[in-house]
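This report concerns only the one structure given below.
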Amino acid sequence: MSRYTIAKEIFMIITFCGHSDFCLATKYESLLMSYLKSNYRDNKIEFYLGGYGAFDSFAYSCAKSFKTFSPNTILTLVVPYIKYNFPTKNYDYIVYPELENIPPKYAISYRNRFMVDKSDLIIAYVHRNYGGAYSMLKYAKSKGKRILNLTDL
């Protein structure tokens with residue numbers, strides 16, 4: 001498990017991975033919240049969030065809701081570019097995985113790999129076999145990460 005310590009506290013990292021055109025939020029929100037509450041109620045959780053597209057908005061909303069239920073929760077935005085034009089005030093932390101030497105065209109893919117490498121659990125919504133979310137999920141599987149794909153529920 002890739003855990004780390006902040007002020008002597010151990011946090012579990014959960015990353016989200018899904019298609020940017022996700023549109024089934026209401027269908028999956030209660031299922032995901034029930035899953036998180038029943039399985040991670042007493043854990044200290046850090047959610048790694050991407051900040052792009054509809055699935056990332058869904059992920060942020062669920063992570064924020066979980067934080068109201070479990071105050072030992074951290075919301076971290078993982079940015080692919082050092083100059084990132086996104087409202088960052090809603091997050092506890094901003095992480096930039098030092099991608100200066102990566103061409104901007106590939107920054108999101110490398111950022112996604114960083115997120116997977118650091119994570120204990122990947123929560124996904126991947127229903128097709130192409131695109132960035134599919135590549136991220138495929139990478140997570142190759143790393144033996146624990147995965148919950150909402151399309152399987």
Within region 114-153, residues under 20 Å from Ala54 (Cα atoms) and either of a type in the set (D, E, K, R) or assigned to a loop (DSSP other than H, G, I, E, B) (or both) come out as Val126, His127, Arg128, Asn129, Tyr130, Gly131, Asp152, Leu153
Taking region 91-103 and keeping residues aromatic (Phe, Trp, Tyr) and either in a helix (DSSP H, G or I) or open to solvent by 50 Å² or more (accessible area, probe 1.4 Å) (or both) leaves Tyr93, Tyr96
Ile82 passes all but one of the listed conditions (1) modelled with pLDDT of 95 or more; (2) more than 13 Å from Thr15 (Cα to Cα); the exception is number (1)
Screening Lys37, Lys67 for residues that are modelled with pLDDT of 90 or more, crowded, with 16+ Cβ neighbours inside 10 Å, part of a helix (DSSP H, G or I) and among the basic types (Lys, Arg) leaves only Lys67
*Residue check: is Thr88 in contact (Cβ under 8 Å) with a residue 24 or more places away in the chain and open to solvent by 20 Å² or more (accessible area, probe 1.4 Å)?*
no
Note on region 42-57: residues within 12 Å of Glu29 (Cα to Cα) and open to solvent by 10 Å² or more (accessible area, probe 1.4 Å) are Ser57
Taking region 104-150 and the residues there that are open to solvent by 50 Å² or more (accessible area, probe 1.4 Å) and among the hydroxyl-bearing types (Ser, Thr, Tyr), the one that is farthest from Tyr35 (Cα to Cα) would be Tyr106
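The values are calculated or read from the model by the stated rules, or taken from the named source; none is laboratory data. Worth saying up front: this structure is predicted, and the values here are computed from it rather than measured. FYI the Cβ positions are ideal-geometry reconstructions off the backbone, even for glycines, and counts take in every protein chain you see. We work out accessible area using only protein heavy atoms, side chains counted, and drop any ligands, DNA or RNA first. Shrake-Rupley method; radii C 1.70, N 1.55, O 1.52, S 1.80 Å.
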